1. Give region 42-61 a look and list any residue that's farther than 17 Å from residue 21 by Cβ and either in contact with a strand residue (DSSP E or B) (Cβ under 8 Å, 6 or more places away or on another chain) or crowded, with 19+ Cβ neighbours inside 10 Å (or both), or say none.
2. If we keep just the residues of region 67-77 that are out of contact with any helix residue (DSSP H, G or I) (no Cβ under 8 Å at 6 or more places or on another chain) and modelled with pLDDT of 90 or more, which is farthest from residue 22 (Cα to Cα)?
3. Which condition does residue 182 not pass, out of (1) buried (at least 17 other Cβ atoms within 10 Å of the Cβ); (2) in contact with a strand residue (DSSP E or B) (Cβ under 9 Å, 6 or more places away or on another chain); (3) in contact (Cβ under 8 Å) with a residue 24 or more places away in the chain, if it passes all the others?
4. Quick check, is residue 64 at pLDDT 90 or above, over 30 Å from residue 195 (Cβ atoms), surrounded by fewer than 13 Cβ atoms within 10 Å (Cβ to Cβ) and not assigned by TED's automatic domain parsing to the domain that holds residue 196?
5. Residue under question is residue 119, and the condition is that it be surrounded by 21 or more Cβ atoms within 10 Å (Cβ to Cβ), touching a helix residue (DSSP H, G or I) at 6+ places or on another chain (Cβ under 9 Å) and either assigned by TED's automatic domain parsing to the domain that holds residue 19 or assigned to a loop (DSSP other than H, G, I, E, B) (or both); does it hold?
6. Could you please find all residues in region 149-173 being surrounded by fewer than 18 Cβ atoms within 10 Å (Cβ to Cβ), modelled with pLDDT of 90 or more and in contact with a strand residue (DSSP E or B) (Cβ under 6 Å, 6 or more places away or on another chain)?
7. For residue 83, work out the one condition from (1) exposed (fewer than 14 other Cβ atoms within 10 Å of the Cβ); (2) within 15 Å of the chain's Cα centre (by Cα); (3) under 29 Å from residue 10 (Cα atoms) it doesn't fulfil.
């Protein structure tokens, strides 16, 4: 992800609350379209407002990625006398994974955790995040099914598991949908120990069990 600042200059004679509302509506539209991650932070500066936001890709704010809501909010800004924001890219987030650059993705994974801020869609080949404005997206298992029909590659839904009884019990787990074995010979991307191609589901050996196992303990 990239970190960028968007500077909105206040038009002369415009009431600040009205101006701020237009800015926040525009940023919210960008967020809902996946062009910025989250809502960003807004700071009042001399002559306007400065929004600091995370971008899934360096060109995320390009007009070609805008949906109808982003374009509408941009027109609202123009009608209020507010010019397009001046965008300054500050650099790349060192804790984020580089976005997918694959020419063709063999399959996709819906994946996120409480510590990941990147878009929740990952490439199955490189595991890089895929910006949501590049795919028709909504949410959940239904999203995976709908998305697969539109992009015509398998889309997997990730079932995160934190607590478990033991490593042996974890490895005996069956697919919760079809009840068939789904333990992989080797973890996919060093995360996904389980994969059911039929049900398009992925999961992991319980995090607490894996932590004990990797530290040399037994459970």
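The values are calculated or read from the model by the stated rules, or taken from the named source; none is laboratory data. This structure is a prediction, so every number in the text was calculated from the model and none was measured. Positions of Cβ are generated from backbone atoms using ideal geometry, with glycine treated the same way; all protein chains shown enter the neighbour counts.
1. To start, the set of residues in region 42-61 that are farther than 17 Å from residue 21 by Cβ comprises 45-47, 52-61.
Once the filter is applied, which keeps residues that are farther than 17 Å from residue 21 by Cβ and either in contact with a strand residue (DSSP E or B) (Cβ under 8 Å, 6 or more places away or on another chain) or crowded, with 19+ Cβ neighbours inside 10 Å (or both), region 42-61 yields 45, 47, 52, 53, 54, 55, 56, 57, 58, 60, 61.
2. Residues of region 67-77 out of contact with any helix residue (DSSP H, G or I) (no Cβ under 8 Å at 6 or more places or on another chain): 68, 71, 75.
Those left that are additionally modelled with pLDDT of 90 or more: 71, 75.
Values: 71: 13, 75: 10 Å.
Going through the qualifying residues, I end up with 71.
3. Among (1) buried (at least 17 other Cβ atoms within 10 Å of the Cβ); (2) in contact with a strand residue (DSSP E or B) (Cβ under 9 Å, 6 or more places away or on another chain); (3) in contact (Cβ under 8 Å) with a residue 24 or more places away in the chain, the lone unmet condition for residue 182 is (3).
4. Details: at pLDDT 90 or above: yes; over 30 Å from residue 195 (Cβ atoms): yes; surrounded by fewer than 13 Cβ atoms within 10 Å (Cβ to Cβ): yes; not assigned by TED's automatic domain parsing to the domain that holds residue 196: yes.
Yes.
5. Working: surrounded by 21 or more Cβ atoms within 10 Å (Cβ to Cβ): yes; touching a helix residue (DSSP H, G or I) at 6+ places or on another chain (Cβ under 9 Å): yes; either assigned by TED's automatic domain parsing to the domain that holds residue 19 or assigned to a loop (DSSP other than H, G, I, E, B) (or both): yes.
Yes.
6. Hit for region 149-173 is 171, nothing else.
7. Only one criterion is unmet by residue 83, namely (2).
Results for (1) over 21 Å from residue 60 (Cβ atoms); (2) part of a strand (DSSP E or B); (3) out of contact with any helix residue (DSSP H, G or I) (no Cβ under 7 Å at 6 or more places or on another chain), shown as yes or no for each residue.
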| residue | (1), (2), (3) |
| --- | --- |
| 141 | yes, no, yes |
| 145 | yes, no, yes |
| 149 | yes, no, yes |
| 153 | yes, no, yes |
| 157 | yes, yes, no |
| 162 | yes, no, no |
| 165 | yes, no, yes |
| 168 | yes, no, yes |
